Every structure is written in structure tokens, then in C-alpha cells.
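Working notes, structure below.
Only the coordinates and a few stated rules stand behind these numbers; no lab work does. Not measured: the values here are computed from a predicted model. Cβ placement follows ideal geometry from the backbone for every residue including glycine, while neighbour counts extend to all protein chains displayed.
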Amino acid sequence: MSTVASLSEIPRHRQLGLTDHEYELILERLGREPNTVELAMLSLMWSEHCAYKHSRKLLRRLPTTGPHLLLGPGENAGAVDVGGGLALAFKVESHNHPSAVEPFQGAATGVGGILRDIFAVGARPIAVLDSLRFGEPEQSERSRYLLGRAVAGIGHYGNSIGVPTIGGEVYFEPSYEQNCLVNAMCLGIAPRERLIRSAAAGPGNLVVLLGALTGRDGIGGASVLASAELGEGDEAKRPSVQIGDPFAEKKLLECCLELLDRGLLVALQDLGAAGLTSSVSEMVSKGGVGVELNVSRVPVRDSAMEPFEIMVSESQERMLCVVEPPRLHEVLAICRRWETLATAIGEVTDSGHVRVLDDGEPVADLPVHVLVDDCPLYDLKPAPPSAPPRGPEGFETPRAGGRRSEADLLLALLGSPNICSRRPLFEQYDWIVQSRTVRRPEQTDAAVLALPDGSGIAVSIDGNGRRVYADPRLGAAEAVYECAANLACVGAEPLGVTNCLNFGNPEKPTVAWQLTEAVEGVVSACEALGIPVVGGNVSLYNEAPAGPIFPTPVIGIVGKLPDVARAGRLGFAREGDAIALVGPFSPSLAASELEKLWGRTPSGPLPDADGGLIRQVHATIRGGVRRQALRSAHDVAEGGVAVALAECCIAGGIGARVELPDALDSFGEAPGRGFIVSGPADALERWADSGPSGACTMIGKVCGDALQISSRLSLPVDELARAWGQGLDKFF
Amino acid sequence: MRFGVVRFPGSCDDVDAFQAARRVGDAVILWHAERDLRAADVVVIPGGFSYGDHLRAGAIARFAPVMGEVIEFAHEGGLVLGICNGFQVLCEAGLLPGALLPNVSLRFVCRQVDLEVVNNQTPFTGACDPAETLSIPVKHTTGRYYAPPEELAELSAGGQVVLRYAQGHNPNGSLEDIAGVCNEPRNVFGLMPHPEHAVDPLTGSAGGLRIFESLRAHVDGRVAV
């Protein structure tokens with residue numbers, strides 16, 4: 001980067017993303033100037049991406065304890081107890097900026113990275129989900145390109161490594177035009193006793209680097225890409241994007257799991273952002289020890305690589321482990337069997353320093369606490385926007401102006417990119433490998449996987465930038481409620497939450513306010529539902545010259561079903577079944593998909609949410625599915641009751657006739673609070689009596705081959721299915 | 001009876017095939033680097049991305065040490081089932097006719113499809129009714145079956161086309177909707193769909209179990225004789 005003439009005037013630390021204040025702090029802590037290698041290491045460890053310097057204080061607000069918790073925040077991934085001696089590890093992470101610059105490799109390595117987080121705690125990855133945001137595909141060729149390539153990249157990695165992609169979500173808004181979002185979530189299972197932590201221990205133990213050769217790819221990714229806004233000339237940053245090799249990772253994965261099965265490792269950690277620097281610093285920091293590394297032992301792709309490049313390279317498919325010296329031989333033998341490179345590159349010390357040698361010559365010597373703990377944490381300076389929030393200009397064009405019938409509106413909504421079938425995406429993903437997938441995409445609101453003892457786990461991932469933009473606190477809480485509602489619909493009890501907070505530049509007061517409010521919303525909803533946050537990721541600086549993205553907290557929740565054979569479905573199942581609308585449900589058109597169709601910038605107020613009541617209703621739905629009083633259950637989300645009913649008809653291939661209360665808007669939204677359920681009339685009545693009073697309204701029955709809603713609309717299911725089924729086809 | 005499921009670096013559906021086989025018999029994993037079929041009655045080359053599909057799908061796996069044994073076993077009349085990547089490997093090894101080309105869409109496709117049993121007079125389909133329809137998923141990027149016209153005609157005439165995609169279900173542009181073919185002696189069979197992922201209605205469908213049951217019945221019958 002210093003080859004650009006104008007840059008040579010800028011002090012080195014600023015080129016690397018450190019402020020003058022931060023650099024002064026480094027000088028003070030070290031009592032001297034850092035050398036080139038040290039400055040490179042510090043600039044990454046003190047980047048937003050590694051140090052969470054704008055969000056760490058806020059994150060302390062999240063509830064992190066619960067009865068099922070096994071591993072909480074701070075480890076590579078969180079984990080909960082799912083019974084049968086099994087731990088379920090899970091985490092969501094962003095790879096937004098790399099994907100905006102090079103969508104195929106950006107998305108692919110996003111999947112690769114989250115997989116490594118899961119097997120770093122000793123769990124076998126069993127499922128991937130993804131949460132994607134792009135600009136408007138109809139208007140923007142760039143967004144179609146990003147969509148197509150990101151989806152291909154996710155499929156390429158997940159399919160090739162043999163981990164099913166079982167769910168996810170994608171939404172399109174103009175604010176993501178330049179800065180798309182690619183969040184990937186992974187789940188893994190392990191015998192409880194195989195879970196491993198990342199804390200290095202035992203001075204004298206060896207530090208062994210596993211996996212791929214270290215190359216010049218991804219240098220400065222965490223600071224240059226992930227911790228700055230996108231702007232002009234980002235194509236030039238493509239070399240900062242790593243290249244993924246799922247074949248190498250498949251071997252690395254099997255190798256690591258075998259090493260753990262044989263009890264050969266003291267600690268294990270993946271190499272992600274900031275490469276070796278970050279991994280080794282975190283391991284020794286957690287263990288309260290030190291380390292001495294010899295970079296000349298690191299196998300490299302190019303022998304001319306400088307020590308600083310080796311220390312910060314983000315080459316993929318690498319892991320770091322700590323091994324007792326007598327067991328090294330056995331470790332190396334297993335790695336050979338899996339054709340995975342393994343090299344002892346250093347040893348644990350009791351110095352409290354990260355010391356780096358190059359052919360025996362010291363090239364860096366930094367106290368661990370300076371690397372890991374001394375980065376200043378910043379207080380946000382939040383201020384609500386003075387004017388009502390406005391979306392970025394440019395794309396919001398009314399698509400459904402004038403007076404149109406409810407039938408026309410329903411068809412338009414069903415065919416709109418945010419609501420229509422996701423088939424063109426999920427057909428590019430292997431969702432069946434590993435033989436656990438009990439419900440296929442679009443059969444249910446949450447994905448369901450079988451466990452060996454006949455129980456099951458369910459998982460969903462949700463976020464809604466439109467609604468968070470309109471009201472950050474309530475919108476973020478809604479994301480949690482909606483995600484939990486999806487689990488209720490399959491009969492699963494939520495056990496733990498992971499989140500990825502995708503926001504703009506936190507140094508801007510409005511973004512700081514959005515972030516602060518949204519975290520409070522997540523806190524309130526998690527507390528109301530009694531689910532802990534076990535880990536996650538923060539992605540800031542998601543903005544382009546046109547402005548920040550819609551604030552987009554993405555929520556992933558995992559849950560448990562006692563009997564996987566009784567997992568719920570969303571489609572209406574049988575002619576003659578009664579249909580009920582359930583919930584503390586008073587939807588409105590604020591920030592709804594119908595408003596989007598009209599070209600309106602989302603704004604509040606959003607409907608109130610009573611967390612306690614929502615929790616009760618979710619428990620009631622869950623109970624009904626488990627007892628099979630309900631033959632179908634579906635939460636009312638984007639597009640309101642009309643769209644939810646249409647989805648139940650399409651999935652079931654059968655019609656329905658319902659009467660809605662006059663005051664209920666067909667397209668009003670209040671995510672996480674309303675459900676459409678069906679079942680035998682008498683069973684449904686009895687079940688409704690068990691729930692909170694007044695929560696359940698009988699609205700009609702399953703019948704025929706058309707959806708009829710009061711006198712508002714009547715449409716053949718075929719026509720609904722056609723509109724819904726083909727919405728995304730033209731973009732692929 | 002015993003199935004031996006080969007594990008190459010990059011195999012993904014090896015455990016699935018192993019579990020499916022265990023529903024009808026015994027099963028063991030065969031390590032790619034060992035020249036040992038461990039007394040298997042049926043060798044299964046599973047799906048996945050052996051050797052990362054580097055160079056060309058199946059091109060490297062075909063040279064794995066274990067494949068020397070598999071080729072010899074096949075030439076002696078041993079039963080060999082190749083699924084997806086396994087089908088590609090068997091074509092590369094010259095044990096099956098034709099080749100698998102990239103899908104017409106040039107994309108990975110994962111989809112449940114209907115298959116018509118064209119020939120139920122093979123060890124792999126003997127338990128199927130004539131013209132039975134099996135519902136089995138496909139998932140691949142390189143599954144378009146191709147053979148030159150004369151060879152295609154011979155395959156059809158000789159009963160070597162074992163499975164075809166039902167009308168409207170061809171996911172990849174395979175010629176003549178071919179989903180699975182066997183060799184002339186009928187002891188080696190390859191197919192792109194994944195029967196090991198269709199052995200339990202809980203996880204989708206059970207059409208693939210027919211393939212494993214057929215093999216079981218065939219081996220049992222052969223032992224009785």
C-alpha cells in the first residue's frame with residue numbers, strides 16, 4: 001500500500017488504521033516505538049474487528065447465563081447442552097466487506113471461517129445457515145451480481161466440505177446496494193467431554209500450526225477491510241480478500257476431530273481475522289501465559305515473505321493447537337494420515353509476552369496485555385436522528401401506486417423479492433448431507449435436524465433491517481421474537497441465542513444511537529424469553545458514500561424438540577381442519593412490506609410487544625405442535641396475515657376460507673407475535689383453552705383449492721403458488 | 001453380507017452411505033490409501049468431492065491405491081456401486097461407459113427427483129418392480145450424462161440404462177434422461193441421485209432403500225446357490 005506516492009506522507013500507524021491517540025497510547029505502554037512487525041500486529045489487535053472497541057461495553061449488557069449453557073461468550077463458539085451427552089455449539093459471523101469486494105470468495109471464506117470456529121471447540125459442524133442482504137435486484141445489476149456470486153460461494157464451500165446448508169434468509173433494500181451483508185451461522189455437535197477451550201497452558205508445551213501454507217492473502221483484512229467504510233476504488237482491496245479451499249478445510253476438520261478424539265490437544269484455536277497474531281495472542285491471554293514463536297518455521301507459499309506478513313496473513317484453512325512435547329510424534333502422524341501439514345512453530349512460556357523470532361533473531365516482543373487488553377474502549381456518543389429517519393435516496397420508487405385490490409396486492413407481495421420463494425438459492429445448497437435434515441427448506445419456519453436418540457434440534461436465523469431502522473429498540477426485539485416464533489412453530493424450545501450486529505460507522509451519533517437502542521432491544525427480548533446470548537459477532541462500518549446500511553441485528557436461535565418425528569410443518573394439511581389466528585397480535589402497516597411496495601421509507605411507530613405474553617403464546621404453540629393438536633403452525637411475518645395464509649396454502653397445496661376481524665389489516669405486520677395454526681376442530685378448541693385467554697380466534701377452515709379472505713379477496717392456490725414461486729427466478 | 005464404503009480425502013457422503021448400508025447388512029469403511037477391500041461383498045464409492053474435484057471430478061480418485069483393488073474386484077465380477085462422485089470416479093476408471101459433464105445450468109442443484117426403473121434385472125434394482133418410480137434426491141454440479149450416439153444406442157439396447165429421470169425431472173440435461181448406468185456384465189452400477197439419502201421417510205423419502213435391499217437380496221441369493 002505504501003507504493004502509492006500520496007500515502008507516503010501519511011504516518012505508518014494511520015495507514016494501518018490506528019488513530020494518533022491510539023499510537024501515543026502504544027508508545028506509552030511500550031515505553032518505546034514499536035518496530036514494523038510489532039506495529040502490524042498491534043494495528044490488527046487494536047482494530048474494531050478484533051478489539052470490539054466501540055461495542056464491547058454495550059455487549060456486556062447481553063444476558064449470558066442460562067440453565068443449558070456450556071460455553072459462553074469469549075470462546076470460539078458458544079455451546080448449550082442438548083441432552084443425550086451432547087453439546088451443541090453454534091455461532092454467527094459476518095463476512096460483509098470481503099463479500100462486497102469479491103462476493104464468491106468473500107462468502108465462501110465466510111462459511112469456512114465460521115466452520116473453523118465450530119470445530120475449534122471440538123464440535124463436528126452439522127449445519128450452516130446464512131443471512132444475506134443486497135440492494136434491489138430489479139434495479140441494480142451490481143446487486144444481482146453480488147447475490148448470484150455470494151450464493152454460489154456459500155454453496156461452493158458448504159457443499160464441498162459436506163456440511164448441509166439448511167436454512168437462512170435474504171432480503172433486498174437499497175441501503176445494502178454497495179455494502180451487502182453476508183452473515184453465516186454454523187452449528188456443531190460434540191460429546192460434552194470433547195468440548196475444548198482455547199486457553200494455552202503449560203510452559204514448555206509446543207505450539208503447532210496445522211493446515212494450509214501461509215501466503216500473502218488477506219493481509220490487513222481485519223483493519224483495512226473490516227474496520228473501515230467501503231468507498232471508491234475498493235476493487236484495489238481484492239488482494240485483501242482471502243481465497244477459500246474447502247478441500248483443505250475438510251481434511252483439516254477431520255484431522256482436528258481425530259486429534260481431539262484421541263485426547264492429544266491441550267488447546268485449539270482457529271486462525272481467522274489477523275491470522276497468527278490474533279490466534280496466538282488470544283490463546284496465551286486466556287491462559288495467562290506467554291509464547292515464543294519462530295516465524296521462520298512457518299511453512300509459507302513464498303519464501304520471500306517478511307516476518308510481519310507471516311504474523312498477520314489471513315490465509316485460510318489453518319488452526320493452531322497446543323501439544324505436550326511427548327505427544328508431538330502422535331499428532332504429526334495423524335496429520336500425515338489426513339494429508340494436513342503440521343509444524344511446531346513455537347512454545348508456551350511463562351513470560352507474559354508474545355515473542356517472535358526470525359531464524360533466532362527477535363523481531364517482536366510485546367506484552368500480551370498490550371496486544372489483547374490495552375486497546376482503549378470507546379464510549380459511543382449516541383444521538384437520535386433529529387429528523388425522522390430517511391432512507392438513502394435513489395431507489396425507493398413506488399411499485400404499487402394507486403388503488404389496487406387486495407387480491408392484486410397479495411399477488412404483488414407474494415412475487416416481491418423479499419417474500420417470494422427462495423428456491424433458486426437453496427437449490428444451490430446441499431441441505432441433506434449428513435442425513436439429519438428432517439424438514440426441508442420451505443416446509444417449516446425453522447430448520448429441524450434429528451439427533452441419534454430420536455430427539456431433535458431446531459434453528460432459525462432472522463433479522464429485519466426495515467423495522468430496526470424504523471425503531472431500533474423494538475425492531476431488534478422483534479427479530480428475537482420472530483426467530484423464537486419460528487422455533488415454536490416446529491415445537492422447539494429455545495436454548496440459546498447468537499447474534500451478529502451489522503451496523504454503520506459507530507463514530508456517527510445516529511449509528512451509535514441505533515446500535516445502543518438495538519442492543520437494548522435484544523437484551524429485553526432475550527430476558528423476556530429467558531434465553532442467553534452465548535456469543536456472536538459485531539460488524540461495524542457497514543457504509544458506503546451513499547450512507548449507512550439499515551441497522552441489521554441478525555439473530556440466530558437454537559432449540560430442542562423431544563420427539564423429532566413430531567416436528568411441525570407450516571402448510572395446511574387436511575381438508576376440513578379448522579384455522580385459528582393466535583397471539584397478542586395487533587399488527588400495523590408501519591415499516592411493512594406493503595409500505596415498501598408503495599415506495600415508503602420505513603418509519604414507526606411499531607406495534608407494542610409484551611415480552612411476557614409473547615413467551616406464553618410461544619409456549620402454547622410449542623405445546624400444541626408437540627401434542628399434535630396442531631397439524632400446521634406458521635408465524636405471521638412479512639406481508640401480514642394475508643401472506644401467511646397464502647404461504648400455508650401454497651406449502652400444503654390446498655385452499656382455505658377465513659373471516660378476518662374487520663379491524664385487522666390483511667397486510668399489517670407485528671413479527672413474532674401472530675400465528676396461523678390449523679388442526680382438527682375439536683382438538684384445536686381444546687388446545688386454545690390451554691393458552692392465554694383471548695389469544696386464539698377461530699377464523700375459518702382448510703378447504704377447496706382457493707384462498708378466500710372475508711370479502712376481501714379470493715384467489716386460486718395455483719395462482720398464488722405461481723406468483724410466489726417465480727419471484728427470484730429472473731435474477732439467476 | 002458386507003458393504004465396503006470407500007473414504008477418499010474429500011468424500012462427504014461416506015458416512016451416509018455407511019449408515020444406509022447398515023440398514024440392510026454389515027458395513028465397513030475402506031481407506032483410500034490401503035489396498036484392502038476387507039472382504040466386502042459390495043464396494044460403494046460414495047458421493048462428495050474426492051481430492052477436491054481438482055483437475056476434473058473423479059480424475060484423481062481413480063488413481064488412489066484402493067481403486068486398484070476395486071478395479072480388479074470389478075473385473076472379477078464383484079459388485080460395485082458408485083454414487084454421484086462415485087459414478088464420476090467409475091467412469092474415469094473405465095469401469096462404466098460414458099462421462100459426466102457440467103450441468104446445463106452450470107450450477108450446483110439439490111432437488112428431489114423421480115426416477116424410473118428401466119431395468120430391474122440387475123443386482124442393484126432386482127427388488128424393484130418393472131417401471132417402478134423411485135423418489136430420490138440429486139445434488140451435484142457435474143451430473144450431465146453423456147455418451148456418443150452409437151454408444152447410447154448400444155447402452156439402451158443392451159439394458160445398461162438402469163434408471164432414467166422421470167419426465168420433467170431431468171435436473172442436469174443428461175442425454176436421454178439417463179440417471180444411472182451399469183456395465184455390460186451388470187456388476188458395476190453408477191448413478192447421480194443419492195439412494196443413501198432416501199432410506200427413511202423421516203429425512204425425506206425411502207426410494208433409495210430399494211437399491212440397498214436389491215443388493216442384499218442379490219448377495220443372499222448368490223450365497224444360497
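Measuring nothing but how far apart in sequence close Cα pairs (under 8 Å, 6+ apart) lie, relative to its length, the stretch A:423-538 scores a relative contact order of 23 percent.
Electrostatic tally near A:Thr214: other residues with Cβ closer than 10 Å to its Cβ, Lys and Arg +1, Asp and Glu -1, net -1.
With both labels modelled 7 Å from their Cα along Cα-to-Cβ, the B:Leu101 to A:Arg192 distance reads 5.6 nm.
Are any of the pairs A:Lys57/A:Lys596; A:Lys250/B:Lys139; A:Lys560/A:Lys730; A:Lys57/A:Lys250; A:Lys560/A:Lys701; A:Lys91/A:Lys381 more than 27 Å apart by Cα-Cα distance, and if so, which? Write out the running numbers ahead of the final one.
Working: A:Lys57/A:Lys596 35 Å; A:Lys250/B:Lys139 18 Å; A:Lys560/A:Lys730 37 Å; A:Lys57/A:Lys250 37 Å; A:Lys560/A:Lys701 30 Å; A:Lys91/A:Lys381 29 Å.
Checking Cα-Cα distances, A:Lys57/A:Lys596; A:Lys560/A:Lys730; A:Lys57/A:Lys250; A:Lys560/A:Lys701; A:Lys91/A:Lys381 exceed 27 Å.
Suppose the chain between A:Glu520 and A:Asp408 were pulled fully straight at 0.36 nm per residue; how much longer would it get relative to their current alpha carbon spacing? Spell out each step's value before the answer.
Values: separation 112, 0.36 × 112 = 40.32 nm, distance 3.86 nm.
Stretched out fully, the A:Glu520 to A:Asp408 stretch lengthens by 36.5 nm.
This model, with +1 at the C-beta of Lys and Arg and -1 at the C-beta of Asp and Glu, gives the stretch A:1-139 a dipole about its Cα centre of some 440 debye. Can you check what the net charge comes to around A:Pro509, using other residues whose Cβ is under 13 Å from the Cβ of A:Pro509 (Lys, Arg +1; Asp, Glu -1)? Result for the neighbourhood of A:Pro509: -1. For a Förster distance of 56 Å, can you work out the FRET efficiency between the beta-carbons of A:Glu719 and A:Leu27, rounded to the nearest 0.05? My answer for the efficiency is 0.20.
Contact order for chain A, expressed relative to its length and based on alpha carbon pairs under 8 Å spaced 6+ residues apart, stands at 15 percent.
Ordered by the count of other Cβ atoms within 10 Å of each Cβ, fewest first, A:Trp687, A:Trp338 give A:Trp338, A:Trp687.
With runs of 4+ DSSP H residues as the only contributors, calculate the mean residue ellipticity of chain B at 222 nm using -39,500 (n - 2.57) per run, divided by the residue total and rounded to the nearest 500. Please report the intermediate quantities before stating the final value.
Details: 5 runs with 53 residues, N = 225.
Counting only the DSSP helices, I get -7000 deg cm²/dmol.
Quick one: putting +1 on the C-beta of Lys and Arg, -1 on the C-beta of Asp and Glu, what dipole do you get for the protein assembly as shown around its Cα centre, in Debye to the nearest 20?
Details: 82 positive and 117 negative charges, 259 e Å.
Once rounded to the nearest 20, the dipole reads 1240 debye.
Straight-distance candidates among the aspartates and glutamates for linking to A:Lys508, with alpha-carbon spacing under 15 Å and chain neighbours fewer than 8 residues away dropped: A:Glu48, A:Glu229, A:Asp379, A:Glu517, A:Glu543.
Note on the stretch A:260-310: percent of Cα-Cα distances in each 5 Å bin, starting at 0 and stopping at the bin with the largest distance, equals 4, 16, 23, 23, 19, 10, 5, 1.
With Cα atoms defining each centre, the stretch A:162-197 and the stretch A:343-376 are spaced 32 Å apart in the structure.
Per-residue mean of other chain beta-carbon atoms within 10 angstrom of the beta-carbon, peptide A:423-435?
Working: counts 1, 1, 0, 2, 8, 7, 3, 11, 4, 12, 11, 7, 14.
Mean partner-chain Cβ count within 10 Å for A:423-435: 6.
Taking chain B as a Gaussian network of alpha-carbon nodes connected by springs under 10 Å, the highest mean-square fluctuation of the residues B:Gly48, B:Gly190, B:Gly159 belongs to B:Gly159. The mean count of C-beta atoms from other chains within 10 Å of the C-beta of residues in A:151-157, rounded to a whole number, is 2. Treating r as the C-beta distance of A:Asp359 and A:Arg142 and R0 as 41 Å, the FRET efficiency rounds to 0.30.
How many percent of DSSP beta bridges within chain B run antiparallel, rounded to 5? That works out to approximately 55 percent antiparallel. In order along the stretch B:126-138, phi translates into HN-Hα couplings of x, 7, 8, 6, x, 6, 5, 9, 10, 9, 9, x, 10 Hz, rounded to whole numbers, per the Karplus curve 6.51 cos²θ - 1.76 cosθ + 1.60 with θ = phi - 60° and x for Gly and Pro. Extending 7 Å from the Cα toward the beta-carbon at both A:Asp689 and B:Asp26 defines two label points whose distance is 5.8 nm.
Grab the beta carbon distance between B:Ala217 and B:Leu175, set R0 = 41 Å, and tell me the FRET efficiency rounded to 0.05.
On the way: r = 31 Å, r/R0 = 0.75.
Computed FRET efficiency for B:Ala217 and B:Leu175: 0.85.
From other protein chains only, count the Cβ atoms within 10 Å of every residue's Cβ in B:198-209, then give the mean. Please list the in-between numbers first.
On the way: counts 1, 1, 3, 1, 11, 11, 7, 0, 0, 0, 0, 0.
Per residue, the number of nearby Cβ atoms from other chains is 3 on average.
From the largest down, the stretch B:2-224 spans 41, 41, 38 angstrom on the principal axes of its Cα atoms. Kirkwood radius, the protein assembly as shown, all distinct C-alpha pairs, inverse of mean reciprocal distance: 29.0 Å.
Run the numbers for A:His369 and A:Ala383: contour at 0.36 nm per residue of separation, minus the present Cα-Cα distance, in nm.
Details: separation 14, 0.36 × 14 = 5.04 nm, distance 3.28 nm.
This chain segment gains 1.8 nm when fully extended.
Dividing the alpha-carbon Rg of the stretch A:12-102 by 2.2 N^0.38 Å yields what? Spell out each step's value before the answer.
Values: Rg = 18.4 Å, N = 91, 2.2 N^0.38 = 12.2 Å.
After normalising by residue count via 2.2 N^0.38 Å, the value is 1.50.
Of all DSSP bridge pairs formed entirely within the protein assembly as shown, close to 75 percent run antiparallel.
Projected onto planes of every orientation and averaged, the convex hull of the alpha-carbon atoms in the stretch A:578-726 covers 8.9 nm².
Other residues within the sphere of radius under 14 Å centred on the Cβ of A:Trp687, judged by their own Cβ, net out at +1 (K and R +1, D and E -1). For the stretch A:616-661 versus the stretch A:45-121, the spacing of their alpha-carbon centroids is 32 Å.
Between A:Ser586 and B:Asp129, the modelled labels are 5.9 nm apart [label points 7 Å from Cα along Cα→Cβ]. Summary value for the stretch B:118-225: 34 percent relative contact order, contacts being C-alpha pairs under 8 angstrom separated by 6+ residues. Annotation for the stretch A:531-609 versus the stretch B:61-81: alpha-carbon center distance of 52 Å. Net length available on complete extension from A:Thr343 to A:Ala619 is 94.2 nm, with 0.36 nm assigned per residue and the Cα-Cα distance removed.
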